[in-house]
1. At q = 0.13, 0.16 Å⁻¹, what log₁₀ I(q)/I(0) does the range 186-233 have when each alpha carbon counts as one equal point scatterer in the Debye sum?
2. Quick one: 142, 302, 171, fewest Cβ neighbours within 10 Å first, how do they rank?
3. If we count every other residue with Cβ under 9 angstrom of residue 163's Cβ, Lys/Arg +1 and Asp/Glu -1, where does the sum land?
4. Can you tell me the dipole magnitude for the chain around its Cα centre, using point charges on the Cβ only (Lys, Arg +1; Asp, Glu -1), in Debye to the nearest 20?
5. Please report the equivalent ellipsoid semi-axes of the range 163-262, computed as sqrt(5 x eigenvalue) of the Cα gyration tensor, largest first, in whole Å.
6. What full-extension length gain, to one decimal in nm, is calculated for residue 131 and residue 91 as 0.36 nm per residue of separation minus the Cα-Cα distance?
7. Mind checking the alpha-carbon convex hull of the range 40-174 and giving the volume per residue in Å³?
8. For a 19 Å ceiling on Cα separation, which of these pairs sit above it: 214/259; 127/211; 207/244?
Amino acid sequence: MARTMLEKLKKGLFMTHTEFLEKVGETFRRSGPVAPEQLDGLEDALIAADTGVELSLRLTDELREEVRSGRISSAEELRPAVRTRLLDLLRSTAEDAGEVTTGSPRITMLVGVNGTGKTTTAAKLAKRRREAGRSVLLAAADTFRAAAVEQLRVWADRLDVPLVHQAEGADPAAVVFDAIAAARARGIDEVIVDTAGRLHTRTNLMKELEKVRKVAEREVEGAPHEVLLVLDATTGSNGIEQAKRFGATAGVNGVVLTKLDGTAKGGVILAIAEGLGLPVRWVGVGEAADDLLPFDAEEFVDALLELS
Ligand SMILES: Nc1nc2c(ncn2[C@@H]2O[C@H](COP(=O)(O)OP(=O)(O)OP(=O)(O)O)[C@@H](O)[C@H]2O)c(=O)[nH]1
Ligand SMILES: [Mg+2]
């Protein structure tokens, strides 16, 4: 099981990790003493992988300093040192995991800008949670377009998961209210809420999201238990600043990074940890229902540095 997971993660990271390794290989393949300049390859690789210039420079400067001071004395020690640093960075955000659940049903909201993969992730997550032995209901709180409900309905039918929806243009908060009532009536454990794509600058739409949150808060203790910001990896670290502001308004407590299969820029995961201070919970590696993987910092770093 763990093996399959790693294989799949590696497949998802294929472009990421080969491109990264090509650049960084030079640095890692050497043996014997290291000169601080030998870290230039690593710096380039981090920047090219969309880790963000500032963070890439900071990480490599810290390593250069360790080389200079003799704490790292040979090239063989470089890879484990990089590994430790990357893991520290990723783990620093993973502490307050949103796993503590109080009231029932457990509510997960998917939020983010247009087209990042919210609806697809809602479906993938429904499948995952059901496989974990939980009963699930999908709530179509994207009432903006009729097509949005249809898209979720197709997934709900395919996965055989109940769907709560209202007419186009309905109040998304009312949909969530209905969904909670339906879940209670049917003894369902989880409500997964798909919301409409929106820019953080659209005040009225952000208010609408707040209203959805408030309904969840009022109806279920501890809800919404998870508010996941869905980010598209192919847009790279450009989205970070925008996401930061989005996250603050919507009360986001975790990130789903989608479309990791279509980018060589997996370093964005590091940039997210640093820039948003939010843990990446899931990664999307394709369009199918099974293409969502729980994010594991150690697996990610080891796949990136080809340590396993
Ligand atoms: N390759 C790949 N495609 C994905 C992934 N996740 C979503 N997609 C595709 O991205 C496109 C947009 O996905 P949606 O789930 O509709 O995105 P959304 O955020 O709900 O979009 P809006 O509701 O319009 O804001 C679809 O074609 C999905 O199949 C992923 O992990 N990998
Ligand atoms: Mg959608």
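1. -0.37, -0.54
2. Numbers: 142 25, 302 19, 171 15.
Lowest to highest Cβ neighbour count: 171, 302, 142.
3. Values: positive: 153; negative: 157.
Overall, the nearby charge balance is 0.
4. Working: 40 positive and 49 negative charges, 150 e Å.
Charge dipole of the chain: 720 debye, to the nearest 20.
5. Values: eigenvalues 131, 48, 35 Å².
Each semi-axis is √(5λ); the values are 26, 15, 13 Å.
6. On the way: separation 40, 0.36 × 40 = 14.40 nm, distance 2.65 nm.
Value of the extension gain: 11.8 nm.
7. Values: hull volume 23.9 nm³, N = 135.
Once divided by residue count, the hull of the range 40-174 is 177 Å³.
8. Numbers: 214/259 30 Å; 127/211 27 Å; 207/244 17 Å.
Check vs 19 Å cut-off fails for 214/259; 127/211.
Laboratory data are not the source of any read-out in this text; all were calculated from the coordinates shown. Worth saying up front: this structure is predicted, and the values here are computed from it rather than measured. We place every Cβ from the backbone using ideal geometry, glycine too, and count neighbours over all the protein chains shown.
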